[in-house]
1. Go through region 33-50 and count every residue that is among the aliphatic types (A, V, I, L, M) and exposed (fewer than 14 other Cβ atoms within 10 Å of the Cβ).
2. Tell me which residues, restricted to region 21-56, are within 15 Å of L11 (Cβ to Cβ), of a type in the set (A, V, I, L, M) and out of contact with any strand residue (DSSP E or B) (no Cβ under 7 Å at 6 or more places or on another chain).
3. Among the residues of region 6-16, is there at least one that is at pLDDT 95 or above and touching a strand residue (DSSP E or B) at 6+ places or on another chain (Cβ under 7 Å)?
4. Assess whether R36 counts as being assigned to a strand (DSSP E or B) and either in contact with a helix residue (DSSP H, G or I) (Cβ under 9 Å, 6 or more places away or on another chain) or among the basic types (K, R) (or both).
5. Do we have I30 as out of contact with any Cys (no Cβ under 6 Å at 6 or more places or on another chain), exposed (fewer than 12 other Cβ atoms within 10 Å of the Cβ) and among the hydrophobic types (A, V, I, L, M, F, W, C) here?
6. Quick check on my filter: what residues within region 1-16 are surrounded by 12 or more Cβ atoms within 10 Å (Cβ to Cβ) and either in contact with a helix residue (DSSP H, G or I) (Cβ under 8 Å, 6 or more places away or on another chain) or outside any helix (DSSP H, G or I) (or both)?
Amino acid sequence: MLTIPQVMARLQLGRSTVYDLLRTKQLDSITLGRARRIPVHSLTDFIRTRLEQGAA
């Protein structure tokens, strides 16, 4: 499970862009109490999908 800052660092994107990806369901997350976490497989799937779109 990754935090928002960890996803920001891995994708080299800003906080608002990461939240936009979550809001538009391009990136999945779960909420634990007040904390939002992104499963590692969700980030991997997001990257894989983007790479496939770029290759098409």
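The values are calculated or read from the model by the stated rules, or taken from the named source; none is laboratory data. Just so it is clear, the structure is predicted and the values come from calculations on it, not from any experiment. So basically every Cβ, Gly included, is an ideal-geometry build from the backbone, and we count neighbours across all protein chains shown.
1. 3
2. L21, L22, I47, L51
3. yes
4. Yes.
5. So I30 fits the description; yes.
6. M1, L2, T3, I4, V7, M8, R10, L11, L13
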